[in-house]
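The values are calculated or read from the model by the stated rules, or taken from the named source; none is laboratory data. Remember, predicted model here, so these are calculated numbers, not experimental data. Neighbour counts are summed over all protein chains in view; Cβ atoms, including those assigned to glycine, are modelled from backbone coordinates with ideal geometry. Heads up: the accessible areas ignore ligands, DNA and RNA and are worked out on the full protein's heavy atoms, side chains in. Shrake-Rupley method; radii C 1.70, N 1.55, O 1.52, S 1.80 Å.
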Amino acid sequence: MSSLVAAFLLASITPALAHQPVAITDAHTSAKAGPIMVDGTVSFAMRVNFTKANQERGFRISLAEDELLNFEYLIIDRTPENRLATSKLPVVTITAPDGTKQVVKLNERSKFYEPYGRTNYLFLSRFSQTAKAGIYEFSIKSKGRAGITVSTGSKEVRGEIYQPKQCPVVEPTSPVVITNAQAATLVGMKKQSAISCVQSLNGITRIAQEDGESFPLTRDYRTERVDLYISKGVITKVSVG
């Protein structure tokens, strides 16, 4: 049974453990501008709506080495969604932590009925693969007016979500560990805001690159340190360690 189907079935019995919805809004115009699922093994469902071609939406999930990346792409089995040709549906591109890109192939059209919401769906793609440690970015681009649902993860527990450019509020740890999900919130922040955020987490920062100029870095690994990549005063990339 797929994670999404299982989630909807559980929802009718234990709503607290239902497949967790995540709002993907017009403000989430790219993966880096999208919300971050702190634990990518938790089951989340994202409804994404487009009004015209060439719109982009996105989100991110954090996974540890050798965890499973689970992904599903669905549409509601009713017009106009189910009448759209595959070539007219939004394209999902997944970027792994090492920069490898994967375009999701729509290779099935399997029906299932979700009784909790009394809704018929069509699976268009679903797969699982071993993950690399870090942040996975999901970019969804439209080819016209359309609405789709995508899901990640499989564990039916309540998951935490960080919002982009908002410093997370977390309990301090000893020793201090800045997670990949916490660091990912810095992307899009102004330089000083990002530095202040890391300091509030009891971490430290160093500038890896700024406006095209790279700086020499030691190779020691420190769990409380975040390397910042900056362009025109804004954080464009981060790495922990």
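What is the packing order of peptides 221-232, 108-119, 181-192, taking the mean over residues of other C-beta atoms within 10 Å and listing the highest first?
Values: 221-232: 16.4, 108-119: 12.8, 181-192: 21.2.
Ranking, from highest mean packing down: 181-192, 221-232, 108-119.
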Environment charge of ASN202, counting only residues whose C-beta is closer than 15 Å and scoring Lys/Arg +1, Asp/Glu -1
0
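Over segment 149-223, with the other protein chains present, what is the accessible area per residue in square angstrom, probe 1.4 angstrom? Working shown, then result.
Details: 4430 Å² over 75 residues.
For segment 149-223, the solvent-accessible area averages 59 Å² per residue.
Rounded to the nearest 5, what % of DSSP beta bridges with both residues in the chain are antiparallel? Could the numbers behind the result be given before it?
Values: 53 of 66 bridges.
The answer is about 80 percent antiparallel.
Report, to the nearest whole %, how much of the accessible area of the chain belongs to carbon and sulfur atoms, 1.4 Å probe, protein only. Mind showing how you got there, number by number?
Values: 6280 of 12210 Å².
Within the chain, the accessible surface is 51 percent carbon and sulfur.
Any chance you could list the semi-axes, whole Å, largest first, of the equivalent ellipsoid that the Cα gyration tensor gives for segment 161-241, using √(5λ)? All intermediate terms of the calculation are to be shown ahead of the outcome.
Numbers: eigenvalues 74, 50, 16 Å².
That gives 19, 16, 9 Å for the three semi-axes.
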Quick one: which residues, 5+ away or cross-chain, put their amide H under 5 Å from the amide H of SER154? H built at 1.01 Å from N.
VAL42, SER43
Using a 1.4 angstrom probe, figure out how much accessible area segment 60-111 has per residue, in square angstrom, rounded to the nearest whole.
54
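From the helices alone, meaning DSSP H stretches of at least four residues, give me the mean residue ellipticity at 222 nm for the chain, per-run term -39500 (n - 2.57), in deg cm²/dmol to the nearest 500. Walk me through the numbers on the way to the answer.
Numbers: 3 runs with 24 residues, N = 241.
My calculation for the chain gives -2500 deg cm²/dmol from helical runs alone.
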Shape box of the chain [Cα atoms, principal axes, largest first, Å]:
54, 39, 27
